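**Student:** If you scroll down you'll find the structure; I have some questions about it.
The values are calculated or read from the model by the stated rules, or taken from the named source; none is laboratory data. These numbers come from a predicted model, not from an experiment. As a convention, Cβ positions derive from the backbone with ideal geometry for all residues, glycine included, and neighbour counts pool all protein chains shown. Quick note on the areas: whole protein, heavy atoms, side chains included, nothing else; ligands and nucleic acids left out. Shrake-Rupley method; radii C 1.70, N 1.55, O 1.52, S 1.80 Å.
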Amino acid sequence: MTSTWTAPNRDRQSEADAGVFGNRAFVLLWLASGASIAGGLLSAVVVSGGLDVTEDRGGQRGQTMAICLFVFPFFIFGTLNGLLADRLSRRGLIIGVGLAGAVLMSALVILTTRGPLASPWVFVPLVIGGVSVAMLSPAMAGLLSVLVPRHQLARANAASLALAVVAIVMVVLLGEYLADRRLARTGFAMSAAGFLVSVIFMILLRQPAGRTYSPSFRGEGIGTLAEVANHIRTHRRVMRLIDTTMVVWGCGALLWIAAPILVWDVCGRQDLADVRLSQSFLVAGLLIGAVFLTSAGDALRGEATIRWSLSGVTLAIAVLAAVSWLPISSGVLFWVASAAMAVAGAFFAGAAVGCSMLLQRIVPNRLRGRVFGLTDLAGTASLLAVMGIFGLPDWSNLSGWIGWVLLGVAAVMAGVVARVWSTRLRQEPLPPVTQFFWYLNEFYCKWWFRFRREGPCTVPAEGAVIVVANHTCGVDPLLLIAGTSHRLIGFLVAEEYTHVPIGGRLIHMIGCVPVRRDGHDAAGTRAALRHLRDGNVLGIFIEGGIPEPGESREPKLGAAMLALHTGALIVPAHISGTSYDENIARSFFRRHHARVRFGKPIDLGRYWIPSGDKEALRRVSLKLLERIRRLGPGGEAEDDGPSDLVL
């Protein structure tokens, strides 16, 4: 048998435990992305007058036009940008785009020495900034997925989104300041500096060994696009994620356009600052959602995050639609609308991070650039369509039917979300209420206990199974449940715990078997036998209680006895990374670095053990305990070993 804790494995484990910001390569890419966004956007904000909103509808259309011009390269060049991200070295492409952006911005500094840019050249910085950021987007998304372990992709994408929001806000404020003082040259110079800083960070970046990306293609020219198109066509999940991205971009654009109308015409506030405040709630919600996911994103499942996020967005849009008709004061309406904007922004962040994370996980690395390029194309197409319909034309009566537009969007979204939830609930292995608590437990374990399962879960999909594990602290049952997604583990629990008001209900819900602590409980034994003969899973801690650190306990004989009487398979499991606490309740509030590893199932039916032979049961139990300990850090893997016991 080979050791599971070789030097490369230890290095990967240390990197994983260090967190996403302990990954030097990711931090450099993260900083480079923020600098490139600042470099590309600042010049655009300066020449468009700071993206200012004035009190007339012409000002609103001007802002919308500037946004459309900036994101238009994502739509036009999305496919080409993705192709370049897969054809070339992604790190080299980012460096090349950064250098080109710095050179072009420096040229604008020289050109504006004698005076400001004349029309139509005033739009050149907008286009340069938009093209630069659009070219970087697929390359950075693809490179991030190579630098970061799979289980940290949610946090990495959320951190990138949070930095992007902060960079955009700071650049808009700085751009407005420079535009008001007609300091366009200073803005161009700072944009060039932003691109150069991005290049420096990327030059310092070194991809970890074993994670380098070698461009690979099947076909040339149109064939390379046909390859990714065929992949999307045959993988419905990828198509659904791209569709979700379109929904997020489109709904975000609609709310951005709706904010001034709701403030001016529905809430009756004519101050420009109120419009800014309402839109800032949307941005603040986006930032709050990104920060939350940076902290807890790895504890959330990608598809569950998207489902809940779309539900939240639907609710927020419905509230904004109701604002148009609620018979309450304008002041209350304003704050209700602003709060709904913040909620929508937070859930937009969840949907965006969930889509990016899942695409990075399920799309092969050789296709990721092109898939993200097409995702950018689809998302910006949705944004441009919404802004082209509602933001650019001079609709004189838009305020009269904006509520109906929002209500219609909310109704369509509600239908889509209801279908998604109904489909998912039919696929769940557990009843809806039990499944909800299972997901809640998994989130709690992954977020607070920093739980992670090492290797696959080896619990069979059906039939009687006994999961036999070591006991480290009071949270061990939660960890084993979180590590087994397809079946529910019931445990032998002390009878007094079933009388706890809330805990007792949960104990009965998951099918735990109450027993007396004195060990003389024929009724408890019969209940455990029935539980297994019904084809369920039973969890047993072979050491009985929780041993103190350094204490060695004799294994209990119950697991072996129950397996021999019922024919149940035994799955050994090792729990590590928890902190011992003599107070069981306190262990639920302590932070851990919990890990669970499952071993191969063991069939005791292969052995002839006389009924009632306690010495034979003791030998079997000792072998089970030995097998459990070999699953821990410093032990040996079971991948190459037999699934039986040597007695």
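**Student:** What percent does the relative contact order of segment 105-214 come to when contacts are Cα pairs within less than 8 Å and at least six residues apart?
**Tutor:** Relative contact order, segment 105-214: 51 percent.
**Student:** Now, a different point. Which net charge results when you count Lys and Arg as +1 and Asp and Glu as -1 among the other residues whose beta-carbon is under 10 Å from that of residue 307? Can you show the working numbers first?
**Tutor:** Details: positive: 301, 424; negative: 303.
Neighbourhood net charge equals +1.
**Student:** Above 18 Å lies some portion of the pair distances; for segment 343-407, what is it as a whole percent of all C-alpha pairs?
**Tutor:** For segment 343-407, the fraction of Cα-Cα distances above 18 Å is 57 percent.
**Student:** Please list the radius of gyration and Dmax for segment 532-592, considering alpha-carbon atoms only, with Å as the unit.
**Tutor:** In order Rg, Dmax, the Cα atoms of segment 532-592 give 14.5, 39 Å.
**Student:** For residue 623, list the lysines whose Cα falls under 26 Å from its own Cα; do not include residues on the same chain fewer than 8 positions away.
**Tutor:** 556, 600, 614
**Student:** Give the distance, in whole Å, between the Cα centre of segment 477-506 and the Cα centre of segment 187-209.
**Tutor:** First find each Cα centre; the distance between them is then 52 Å.
**Student:** Using DSSP to call loops (not H, G, I, E or B), can you name the chymotrypsin sites (Phe, Trp or Tyr not before Pro) in segment 511-597 whose Cβ has at most 11 other Cβ atoms within 10 angstrom? Please report the intermediate quantities before stating the final value.
**Tutor:** On the way: sites: 541, 580, 588, 589; in loops: 580, 588, 589.
Taking segment 511-597 and a limit of 11 other Cβ atoms within 10 Å, the loop chymotrypsin sites (Phe, Trp or Tyr not before Pro) found are 589.
**Student:** Also: Limiting things to C-alpha atoms, what are the Rg and the maximum Cα-Cα separation (Dmax) for segment 372-528, in angstroms?
**Tutor:** 24.9, 83
**Student:** Shifting gears a bit: Cα atoms only: what Rg and Dmax, in Å, come out for segment 334-444?
**Tutor:** Rg then Dmax for segment 334-444, in Å: 18.7, 53.
**Student:** Carbon and sulfur atoms: what percent of the 1.4 Å accessible area of the chain do they account for?
**Tutor:** Summing carbon and sulfur atoms, their accessible area is 63 percent of the total for the chain.
**Student:** At a 1.4 Å probe radius, which order do 271, 603 fall into by accessible area, largest first?
**Tutor:** Greatest to least solvent exposure: 271, 603.
**Student:** Which value, to two decimals, describes the C-alpha radius of gyration of segment 544-634 once divided by 2.2 N^0.38 Å?
**Tutor:** Here the Cα radius of gyration is 1.25 times the empirical estimate.
**Student:** Ok, one more. What is the chain's relative contact order, in percent, from Cα pairs under 8 angstrom and six or more apart in sequence?
**Tutor:** 16
**Student:** With all protein chains present and a 1.4 Å probe, how do 123, 201, 26 order by accessible area, largest first?
**Tutor:** If we order 123, 201, 26 from most to least accessible, we get 123, 201, 26.
**Student:** Given segment 89-173 reduced to its alpha-carbon atoms as identical point scatterers, what log10 I(q)/I(0) does the Debye formula return at q = 0.14, 0.16 Å⁻¹?
**Tutor:** Reported log10 I(q)/I(0), two decimals: -0.64, -0.79.
**Student:** I'd like to know how segment 219-338 sits against the 2.2 N^0.38 Å rule of thumb: what's its Cα Rg over that expected value?
**Tutor:** 1.41
**Student:** Let me see the pair-distance distribution of segment 114-159: every alpha carbon pair, 5 Å bin width, integer percents in order.
**Tutor:** Once binned at 5 Å, the Cα pair distances of segment 114-159 give 5, 18, 17, 14, 11, 9, 8, 8, 6, 3, 1.
**Student:** Taking 20 °C and 1.002 mPa s as the conditions, I'd like the Stokes-Einstein D for segment 47-189 in µm²/s, using the Kirkwood hydrodynamic radius from alpha carbon pairs.
**Tutor:** Numbers: Rh = 16.8 Å.
The diffusion coefficient I find is 127 µm²/s.
**Student:** First obtain the Kirkwood hydrodynamic radius of segment 236-298 from its Cα pairs, then insert it into the Stokes-Einstein equation at 25 °C and 0.890 mPa s, and state the resulting D in µm² per second as a whole number.
**Tutor:** Numbers: Rh = 13.6 Å.
Here the translational diffusion coefficient equals 180 µm²/s.
**Student:** Over all directions, average the projected area of the Cα convex hull of the chain and note it in nm².
**Tutor:** Here the figure is 32.9 nm², rounded to one decimal.
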